[in-house]
Amino acid sequence: MSIHPTAIVDPKASLGSGVTIGPFAIIEAGVTLGNDCTVAGHAQLLGKVILGDACRIGPATIIGGPPQDTSFDLSTDSGVQLGEGNDIREHVTIHRSAQEGGMTRLGNRNFLMASSHVGHDCQVGDENILANQALLGGHVQMGHGAFLGGGAALHQFVRVGDLVMGQGH
């Protein structure tokens, strides 16, 4: 395990073997990192965030922040769960569920490029690609193997099937 001395890691976080945490990263209580995960500098994992094995979290990414929902109560017990082998690049945001006991979920081996966003309560399958600045509003359901081009924006409650290719701007 390698934790940079400037990283802030709450002792109540659970870290698997082979974890690497970069400079100025923040790992709060309630976070669970699987084996061989890498969290780059300035990334923040907030509250109930569960990462499967071999996930890579890029610089300045924020996972587990509160949803963009004006009626959201900050005391709501909710979180984010990612499967194995996800590659989450720089400046990505993934918001926690807006529902009590809910989880925003990404499956395995997804690739989220720079500045993409996954809104609260999204359910994303396996092996999807969100290019730079692709945006998923709250409650989006996405199948497996889909590709959203740079700047693509999906409104809340949209469903995207398997192997879909969506155009960005």
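The values are calculated or read from the model by the stated rules, or taken from the named source; none is laboratory data. This one's a predicted model, so the numbers in the text were calculated from it and none came from an experiment. Every residue, glycine among them, receives a Cβ derived from its backbone with ideal geometry; neighbour counts consider all protein chains shown. These area figures cover heavy atoms from the full protein model, side chains too; ligands, DNA and RNA do not enter into them. Shrake-Rupley method; radii C 1.70, N 1.55, O 1.52, S 1.80 Å.
Of the residues making up the range 72-104, just one is without any contact (Cβ under 8 Å) to a residue 24 or more places away in the chain and small (Gly, Ala, Ser), namely Ser75.
In the range 1-33, the residue that is most open to solvent (accessible area, probe 1.4 Å) out of those that are part of a loop (DSSP other than H, G, I, E, B) and β-branched (Val, Ile, Thr) is Thr6.
Any idea which residue in the range 38-90 is modelled with the lowest pLDDT, counting only those that are farther than 17 Å from Leu15 by Cβ and charged (D, E, K, R)? Ranking the candidates gives Asp69 first.
Determine, yes or no, whether Gly119 is of a type outside the set (Ser, Thr, Tyr) and over 17 Å from Ile63 (Cβ atoms). Spelling it out, it is not the case that Gly119 is of a type outside the set (Ser, Thr, Tyr) and over 17 Å from Ile63 (Cβ atoms). The criterion of at least 1 residues that are open to solvent by less than 30 Å² (accessible area, probe 1.4 Å) and touching a Leu at 6+ places or on another chain (Cβ under 6 Å) is met, among strands (runs of 3 or more DSSP E) falling completely within the range 60-169, by 62-65, 79-82, 103-106.
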